[in-house]
Every structure is written in C-alpha cells, then in structure tokens.
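Here the structure is laid out as structure tokens; the discussion comes afterwards.
The values are calculated or read from the model by the stated rules, or taken from the named source; none is laboratory data. Only a predicted model underlies this, so the values are computations on that prediction, with no experimental measurement involved. No Cβ is skipped: glycine too gets one built from the backbone with ideal geometry, and neighbour counts run over all protein chains shown. Calculation scope for accessible area: heavy atoms of the full protein, side chains included, ligands and nucleic acids excluded. Shrake-Rupley method; radii C 1.70, N 1.55, O 1.52, S 1.80 Å.
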Amino acid sequence: MTARAWLRLVIVGGRISYRALFNWTSPLMYIPTLLVSPLLGTLFFAYLGRYAGGRDDTFYVLGNGLLAVAGPCVFGGMMALANERRYQTLGAVLGTPAPRGAILVGRAVPYVGNGLFTAVVVTTLAALMLRVSIRIADVPGLLLAALAAAASCTAFGLALGAIGMRVRDVWVISNTVWVSLWLVSGANVARSALPDWLEVVGGLLPISHGIDAARAIAGGSPAAGLIAREVALGAAWAAIATLLFRTFERSGRRHAALDRG
Amino acid sequence: MEPAIEVDGLVRSYSATHGMVRRRRSTVEAVRGVSFQVARGELFGLLGPNGAGKTTTIKILTTLLLPTAGTARVCGLDVVADTRAVRTRIGYVFGGDRGLYDRLSGLDNLRYFAELYAVDPRGLRARIDEVLDLVGLGGREGDRVEGYSRGMRQRLHVARGLLHRPEVLFLDEPSIGVDAVAARELRAVVAHLVEDGTTVLLTTHYMFEADQLCDRIAVIARGSIVAEGTPAQLKDQVADDRVVEVQVFGIGEAEVARVRAITGVTSVIVEDHEQAQALIVHCERSLDVSAEVVAALDGVRVGSIATREPTLEDAYISLVTAAEDG
Ligand SMILES: Nc1ncnc2c1ncn2[C@@H]1O[C@H](COP(=O)(O)OP(=O)(O)OP(=O)(O)O)[C@@H](O)[C@H]1O
Ligand SMILES: [Mg+2]
C-alpha cells in the first residue's frame with residue numbers, strides 16, 4: 001500500500017467510519033450530551049465550590065472544560081470499534097488487506113478533533129458565564145493541553161472498544177469509567193486530596209495530567225512536562241489498544257468470533 | 001499455472017460450551033478432511049445440505065477462520081501464512097441482513113470499503129457506479145442502508161464483493177432473498193465475470209442455478225465431499241435411473257414401504273409441498289414401474305403422475321441421502 005492510500009484510509013476512511021459508527025452525530029444528540037451536560041456540570045461544581053468555600057472558579061472551569069473531552073473521546077473511541085459488533089461488520093473489515101494501524105488512526109482522528117472542540121466550547125461558555133478571564137497568551141498552551149487530553153482519552157476509549165470487539169457488555173465499564181473521571185481526574189477535587197490509591201488511578205487514566213497542565217498554564221508555571229506526561233500516557237494507551245485489537249483479531253479467527261453480534 | 005484454489009485435507013472443528021452452572025464442552029466437526037482444486041477462471045459450485053460445512057470452508061479460504069488442520073492456498077498463497085496477500089486478491093459475499101453500516105448510504109458503504117481495499121481514487125466513483133449498476137442498485141445508492149429491503153442489502157453485499165476487481169470471488173448463497181428477476185440478472189453478472197477470467201466459488205441451495213452456472217461441482221455432506229464433477233457427470237451417476245414423480249395427498253409410511261419394495265425401484269423420496277406431497281421414485285432405466293407404483297398407492301389420493309429424465313437435483317438428493325444415511 002502506498003503512503004497516499006494509507007493517508008486516504010486515515011482521512012477519508014476515518015471520516016466515513018465516524019459517521020458509520022458514532023451514535024451521537026445528530027445535533028439533537030450531540031448538543032445535549034456532549035456540550036450542555038458538561039457545561040451544567042461545570043456550573044454545578046463551580047457554584048458548589050463558591051457555596052462550600054472550595055477553590056476559585058478558574059479551577060472548575062479549566063478542570064471541567066478539559067473533562068468535557070471524556071464524552072466524545074471515551075465513548076466515541078469505544079463506539080469506533082465496539083459498534084462493529086452491532087452491525088456485524090467486523091468480519092467484512094478484518095477480511096480486507098487494510099493496514100490495521102491506518103484503520104485505528106483513522107478512527108481516532110475524528111474523536112480527537114471532537115474532543116478538542118467540546119473542550120473549547122465548554123471552557124469558553126463556562127468562562128463567560130462565570131466571568132472567569134483567560135489570558136490570550138495562555139490560549140495556545142491551553143489548546144495544546146486539551147489536544148493532549150483528547151488524544152490520550154481517545155486512545156483509552158479505543159482500548160475499551162477493542163475489548164468490546166470480544167465482550168458484549170463493555171458499555172457498563174465505560175459508564176463507570178466516565179463517572180469515576182469526575183472524581184479521579186482532579187477536575188473537581190484536587191488529586192492530592194484523594195486517598196493514595198485513587199490518586200494513582202487518576203494518574204493512570206487520561207485527562208488528569210492535561211488538567212494539571214491547564215491549571216499550571218493559567219497559574220503562570222511551566223506546563224511542558226505535564227503535557228508531555230499526558231502525551232506519554234496516551235501513547236501507552238494507544239499501544240494497549242493496538243495490542244488488544246491484534247489479540248482479539250487473532251483469537252477471533254481462531255474461535256470463529258468475527259461475525260458474532 | 002497453479003490452480004486458483006487448492007484445498008488439501010482441510011479440517012475445522014468448533015467447540016461450544018453449554019450450561020451456566022455445570023459447564024460442558026462439546027465439539028462439532030464442521031469440516032472433516034476436505035480436498036479440492038479450482039482452476040483459474042473456473043466457476044466451482046459447493047453444494048450441500050444445511051450444516052454441511054460450506055460456509056466454514058469459505059470462511060477458511062477467505063482468511064476469516066483458521067483451519068484446525070490441513071492447508072488451503074488461494075492464487076498459490078497460503079491462507080494462514082500469507083493472509084494479507086490473499087486478502088488483496090479475493091472478494092467475498094456472505095450476504096444476509098447484517099454486515100453493512102446501517103447508518104450510512106449504500107454509496108458510503110462502498111466508499112469505505114474502497115478505501116479499505118485501497119481502490120485507486122481516480123475513477124473510484126466510476127467504478128462504484130459500475131458495480132451499483134451491475135447489481136441493479138443504481139438510483140438508490142444515496143439512501144441509508146437501514147431503509148433497504150433484504151434483497152437490496154444482498155445486492156449491496158455483492159457490489160462490495162466486486163468493488164476491487166478480485167481475481168477470486170467467493171459467493172456464499174448470493175441469490176438468497178433476491179427476487180426472481182434480480183436472481184437471473186445476478187447469474188448473468190456471475191457468468192460475465194467468469195468470462196472475463198474471474199475464478200468463482202459459489203454455494204447455493206438452488207440446483208438449477210448450480211446446473212446453469214457451474215463448470216464443476218463438489219457435493220459436501222457432513223463435512224466431507226461425497227461427489228465431484230461437472231453437472232453432466234453428476235447427473236450421469238443417476239443416469240441409469242428413470243424418475244417417476246407422483247403427486248399424492250396424505251401418503252403414509254406403509255405405502256412408501258410398499259413402493260420401495262417394488263422390483264427395480266432404487267430409491268423413494270417424499271417431498272412435502274404446500275397441499276400435496278411429491279413422491280419421487282427412482283427406478284432402473286429399462287423398467288417402467290408407473291403402474292406398480294400406482295397399484296402400491298392403493299387407498300391414497302393420487303394427482304398427476306409423470307416419468308422424466310433425472311435432473312441435477314435428483315442426483316444431488318440421491319448423493320446426499322446416501323451420505324446422510326451412511
Ligand atoms: N461459530 C460456530 N460455532 C459453533 N459451531 C458452528 C459455528 N459455525 C458453524 N458451526 C457448525 O458447523 C457446522 C457447519 O456449518 P456451516 O455454516 O459451515 O454449514 P453450511 O454448509 O454453510 O450450512 P448452510 O447451508 O445452512 O449455510 C454446523 O454443524 C454448524 O452448526
Ligand atoms: Mg452456509
């Protein structure tokens with residue numbers, strides 16, 4: 001396969017597969033689920049923080065703004081693979097000679113973009129509503145932190161989705177993970193305030209280092225190391241996703257599981 | 001030139017677990033030592049009753065399933081070792097209602113698979129239009145697949161299988177669910193592909209379809225090949241027979257046994273039709289047993305009665321019943 005065909009599979013193929021497999025493409029699903037809910041969440045925690053004497057509004061706006069990537073990225077990444085089962089298309093896709101790397105990257109890209117978009121929208125709207133000011137100079141850094149969080153979160157979602165190629169009920173896991181991110185990512189509670197083991201779990205899941213980075217940027221401290229950590233974590237999750245995908249592809253051929261619904 | 005498909009001693013068993021509390025494992029031997037070869041440009045039919053192992057064989061040849069034992073090569077490439085190279089050269093159609101992206105249009109389904117097969121983007125739209133036209137979906141390609149009828153889905157499956165101009169095409173019951181006119185068009189498409197040099201392995205439950213299309217046929221029953229040859233050769237196996245077909249209403253075991261006992265009768269099959277049954281009696285060519293058969297049916301209402309030459313279906317049924325009884 002030529003480099004050009006590889007790229008086409010990522011870009012053109014990725015775009016088509018997004019429409020094929022993402023359940024929330026229609027505005028009627030997209031806006032309430034991916035934009036309004038996280039925005040309300042941000043307001044909820046910010047007002048709770050004001051009432052209970054917690055952190056300042058910036059803490060919640062940046063935390064929840066980045067946490068907004070979880071919707072499109074965790075669930076989207078999952079749907080990108082696990083929904084093949086719903087349509088029983090796995091046998092058709094895996095019977096093609098297409099390089100698996102390009103399939104996976106192509107499926108990831110739209111959700112990374114989506115995650116970045118939701119983070120920007122939620123952060124901006126929440127900042128406007130709560131009158132939190134963000135310095136123009138900080139914007140590139142914040143965008144970079146959000147991009148890193150979206151990428152690692154998508155890799156994590158793909159890993160869950162790969163499990164979904166084999167296990168029918170992965171959606172239970174994803175719901176649990178999503179809710180637990182509210183706690184362990186540090187979006188609403190500083191991770192240092194959590195019990196040690198939860199702090200560790202939060203550090204291994206995506207988004208937490210991205211949130212740390214965003215807050216560091218707003219506070220004027222260096223954030224490159226934190227962003228690098230989020231990226232490294234994303235790379236690790238991408239490796240796990242690829243490994244799981246390959247493993248289930250192989251065992252699917254052995255156990256006749258490629259066309260199960 | 002090496003054959004397009006070479007299958008040698010192919011075995012595949014499935015294991016299944018039963019029961020929630022006391023787990024029991026059982027093994028189904030779906031394919032038990034199948035061997036055959038298909039020459040380049042040949043149209044080869046795999047016929048057999050439900051559960052005979054046809055789909056299992058095709059899944060192994062299309063790299064979707066690993067064999068338990070034996071080897072298979074497509075275009076000279078091993079389906080287990082050279083998976084990727086095999087995949088670029090083959091197309092397959094399993095059909096059915098599933099296996100398509102329901103939320104996408106037919107066109108976008110094809111576009112996605114065109115990317116997966118790395119079809120040259122120049123001329124892609126023309127190629128897509130061409131296959132849509134071949135399967136008679138032109139004009140409906142913009143509609144979402146969730147609104148497609150069963151036959152339209154089946155046609156889209158066929159279009160997808162042809163998109164990248166495969167050298168070897170596997171068609172597992174391609175005409176299932178499509179209307180009579182479309183099935184005829186599909187047969188013409190398949191015949192045309194073979195004329196152009198494509199090798200086709202086809203399974204079907206329609207004997208006339210196999211008779212009309214196939215250069216050679218293998219009959220598989222219970223995971224083993226029980227006969228192989230051209231349609232004419234298979235018919236020859238029952239060519240010494242004459243077939244008497246009697247329409248009867250409510251025949252019982254006793255009457256069938258009486259017919260079986262007539263001298264010269266080699267086999268008796270009862271097929272259930274809507275209101276009547278068809279009693280199909282094979283007898284030696286030199287004898288005309290019609291009168292004895294009618295006599296043996298004393299007490300049963302008898303409709304039409306006809307004597308005819310054996311068809312491929314007769315040959316198939318006699319081969320399969322022999323294999324399943326044995
Ligand atoms: N995934 C599976 N797990 C367990 N057993 C299976 C599986 N697939 C097929 N079998 C069994 O293997 C045997 C052969 O099945 P196969 O689908 O190959 O038959 P077939 O010849 O294609 O039949 P049909 O004409 O009904 O399509 C059957 O007994 C079937 O129950
Ligand atoms: Mg079958």
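Kindly indicate the residue of the range A:1-11 that is at the interface with chain B (Cβ under 8 Å from one of its Cβ atoms) and surrounded by 17 or more Cβ atoms within 10 Å (Cβ to Cβ) and also modelled with the lowest pLDDT among those meeting that condition.
Result: A:ALA5.
The conditions are (1) of a type in the set (Asp, Glu); (2) farther than 19 Å from A:GLY54 by Cβ; (3) crowded, with 22+ Cβ neighbours inside 10 Å, and A:ASP212 fails exactly one of them. Which is it?
(2)
Criterion first (more than 12 Å from chain B (Cβ to nearest Cβ) and either small (Gly, Ala, Ser) or out of contact with any Lys or Arg (no Cβ under 9 Å at 6 or more places or on another chain) (or both)) does A:PRO72 satisfy it?
yes
Could you please find all residues in the range A:149-177 being within 19 Å of A:GLU199 (Cβ to Cβ) and surrounded by fewer than 24 Cβ atoms within 10 Å (Cβ to Cβ)?
A:THR176, A:VAL177
Scan the range B:56-67 and give yes if some residue there is assigned to a loop (DSSP other than H, G, I, E, B), within 16 Å of ligand 2 (Cβ to nearest atom), closer than 16 Å to A:LEU94 by Cβ and open to solvent by 10 Å² or more (accessible area, probe 1.4 Å), otherwise no.
yes
Checking the structure you have, find out if any residue of the range A:21-33 is within 30 Å of B:VAL80 (Cα to Cα) and in contact with a helix residue (DSSP H, G or I) (Cβ under 7 Å, 6 or more places away or on another chain).
So far as the range A:21-33 goes, yes, one or more of its residues are within 30 Å of B:VAL80 (Cα to Cα) and in contact with a helix residue (DSSP H, G or I) (Cβ under 7 Å, 6 or more places away or on another chain).
Can you tell me which residue is nearest to ligand 2 (Cβ to nearest atom) among those in the range B:31-55 that are closer than 23 Å to B:ARG89 by Cα and aliphatic (A, V, I, L, M)?
B:LEU46
Sort through B:VAL28, B:VAL21 and tell me the only one that's within 14 Å of chain A (Cβ to nearest Cβ) and either within 13 Å of ligand 2 (Cβ to nearest atom) or open to solvent by 70 Å² or more (accessible area, probe 1.4 Å) (or both).
B:VAL28
So A:ALA20 clears everything in (1) under 30 Å from B:ALA114 (Cβ atoms); (2) open to solvent by 50 Å² or more (accessible area, probe 1.4 Å); (3) aliphatic (A, V, I, L, M) except one condition, right? Which one?
With (1) under 30 Å from B:ALA114 (Cβ atoms); (2) open to solvent by 50 Å² or more (accessible area, probe 1.4 Å); (3) aliphatic (A, V, I, L, M) applied to A:ALA20, the lone miss is (2).
Quick check: anything in the range A:67-78 of a type outside the set (A, V, I, L, M, F, W, C) and open to solvent by 30 Å² or more (accessible area, probe 1.4 Å)?
Checking the range A:67-78: not a single residue is of a type outside the set (A, V, I, L, M, F, W, C) and open to solvent by 30 Å² or more (accessible area, probe 1.4 Å).
Could you tell me which numbered condition B:ARG103 fails, if it satisfies all but one of (1) touching a residue at least 40 places away in the same chain (Cβ under 8 Å); (2) closer than 21 Å to A:ALA98 by Cα?
Unmet for B:ARG103, out of (1) touching a residue at least 40 places away in the same chain (Cβ under 8 Å); (2) closer than 21 Å to A:ALA98 by Cα: (2).
I need the full set of residues from the range B:35-55 which are part of a strand (DSSP E or B) and either open to solvent by 50 Å² or more (accessible area, probe 1.4 Å) or modelled with pLDDT under 95 (or both), in order please.
Scanning the range B:35-55 gives B:SER35, B:GLN37.
So how many residues does the range A:15-33 have that are farther than 16 Å from A:MET78 by Cβ and more than 8 Å from every other protein chain (Cβ to nearest Cβ)?
Final tally of qualifying residues: 7.
Based on what the data block shows, is B:LEU156 within 24 Å of B:ARG98 (Cβ to Cβ), modelled with pLDDT of 95 or more and in contact with a helix residue (DSSP H, G or I) (Cβ under 7 Å, 6 or more places away or on another chain)?
Taking the combined requirement at face value, the residue satisfies it.
Across the range B:145-156, which residue is farthest from ligand 1 (Cβ to nearest atom) among those that are open to solvent by 10 Å² or more (accessible area, probe 1.4 Å) and within 16 Å of B:PHE113 (Cα to Cα)?
B:ARG155
For B:ARG84, which of the numbered conditions (1) at the interface with another protein chain (Cβ under 10 Å from one of its Cβ atoms); (2) among the basic types (Lys, Arg); (3) within 16 Å of ligand 1 (Cβ to nearest atom) fails to hold?
(3)
For the range B:168-259, give me every one of the strands (runs of 3 or more DSSP E) that falls completely inside it and has 1 or more residues that are more than 16 Å from ligand 2 (Cβ to nearest atom) and of a type in the set (Gly, Ala, Ser).
B:224-229
So that you can scan it fast, the table gives a plain yes or no per residue for (1) in contact (Cβ under 8 Å) with a residue 40 or more places away in the chain; (2) within 13 Å of ligand 1 (Cβ to nearest atom); (3) on the phi > 0 side of the Ramachandran plot:
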| residue | (1), (2), (3) |
| --- | --- |
| B:LEU169 | yes, no, no |
| B:PRO174 | yes, yes, no |
| B:VAL181 | no, no, no |
| B:ARG184 | no, no, no |
| B:VAL190 | yes, no, no |
| B:VAL194 | yes, no, no |
| B:MET207 | yes, no, no |
| B:VAL219 | yes, yes, no |
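Taking the condition in contact (Cβ under 8 Å) with a residue 12 or more places away in the chain and either away from ligand 1 (no atom under 16 Å from the Cβ) or within 14 Å of another protein chain (Cβ to nearest Cβ) (or both), does B:LEU201 pass?
Answer is no for this residue.
Out of all the residues in the range B:68-77, which are out of contact with any helix residue (DSSP H, G or I) (no Cβ under 7 Å at 6 or more places or on another chain) and either within 16 Å of ligand 1 (Cβ to nearest atom) or open to solvent by less than 30 Å² (accessible area, probe 1.4 Å) (or both)?
Of everything in the range B:68-77, those that are out of contact with any helix residue (DSSP H, G or I) (no Cβ under 7 Å at 6 or more places or on another chain) and either within 16 Å of ligand 1 (Cβ to nearest atom) or open to solvent by less than 30 Å² (accessible area, probe 1.4 Å) (or both) turn out to be B:THR68, B:ALA69, B:GLY70, B:GLY76.
Quick check on this structure: which one of A:GLY54, A:GLY41 is over 14 Å from the mean Cα position of the chain (by Cα), closer than 19 Å to A:LEU183 by Cβ and outside any helix (DSSP H, G or I)?
A:GLY54
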